[in-house]
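This report concerns only the one structure given below.
The values are calculated or read from the model by the stated rules, or taken from the named source; none is laboratory data. Values in this document were obtained by computation on a predicted structure and should not be read as measured data. Methodologically, a virtual Cβ is constructed for each residue, glycine included, from the backbone with ideal geometry; neighbour enumeration extends over all protein chains shown.
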């Protein structure tokens, strides 16, 4: 007789998409009385050809924009060589399927005129499907910064994951997760510029040093209009934060120029932390001053420093 202590514990979710795929499919007899069984039984993860018209888009999809040129290139590749990597779907009670992973391959297959697409069928719940979709997208490199920020925010909101757990799921470091989440503090108009590519992730992080939303918006408009680099943006933002030093400090700076190596280290710290950093150095001795304006920034700093 098997006791309760002998029943193996369910393994915790690990890092990456594969860890989210259930290893054992449980059979619940009562569920069969409420809803009809899925139309297709999973066959040990082997891909099956499923009509593209019987697959529905995933409502939890993180990507909001699709590059039509890249999609056309993928479609041409599928015409020539077929779909190399199967998509992942789950069966629905109405006889159709819902996409979990591989939206671009599914769309490109339609554009290529394919009747079917190789698919791996998984029996997963709504929650599992949602988490798998978000994590799969975050592991890819084609999401823009705002899409990544919203995906991390959704993992925290809907699954109550900490930043450390998000980092483990997606293979990113915790500081990166924190920096992406901070982008959601930007005004909506500025978020749109980041999403469209007018402003980069580096530009956005630098703008977060400014507190006032109106100031951030005006600065973003100027940065975009003048096509400033990230380094130019950092200098511009520092001037906004310290107008008195900018007005009377240039001559002083000429007398005591900051060592190039120290300046480079200062800039790297600012880019990494997304906070105002000042290094005061004299003959190899000095101090590093990190400024923050919100408790959330302080918490993010502690996480970035591994405290």
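The table for this structure:
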| item | result |
| --- | --- |
| Helices (runs of 4 or more DSSP H) wholly inside region 57-142 containing at least 2 residues that are without any contact (Cβ under 8 Å) to a residue 40 or more places away in the chain and within 21 Å of residue 47 (Cβ to Cβ) | 68-81, 103-111 |
| Number of positions in region 192-242 that are under 17 Å from residue 292 (Cβ atoms) and not in a helix (DSSP H, G or I) | 6 |
| Qualifying residue in region 243-258 (condition: exposed (fewer than 13 other Cβ atoms within 10 Å of the Cβ), at pLDDT 75 or above and not assigned by TED's automatic domain parsing to the domain that holds residue 213) | no |
| Number of the exception - residue 219 against (1) buried (at least 18 other Cβ atoms within 10 Å of the Cβ); (2) touching a residue at least 24 places away in the same chain (Cβ under 8 Å) | (2) |
| When residues of region 143-178 are limited to those that are within 10 Å of the chain's Cα centre (by Cα) and part of a loop (DSSP other than H, G, I, E, B), the one nearest to residue 299 (Cα to Cα) | 172 |
| Conditions (1) part of a helix (DSSP H, G or I); (2) within 24 Å of residue 53 (Cβ to Cβ); (3) touching a helix residue (DSSP H, G or I) at 6+ places or on another chain (Cβ under 7 Å); number of the one not met by residue 183 | (2) |
| Check on residue 208, modelled with pLDDT of 95 or more and either under 27 Å from residue 63 (Cα atoms) or not assigned by TED's automatic domain parsing to the domain that holds residue 295 (or both) | no |
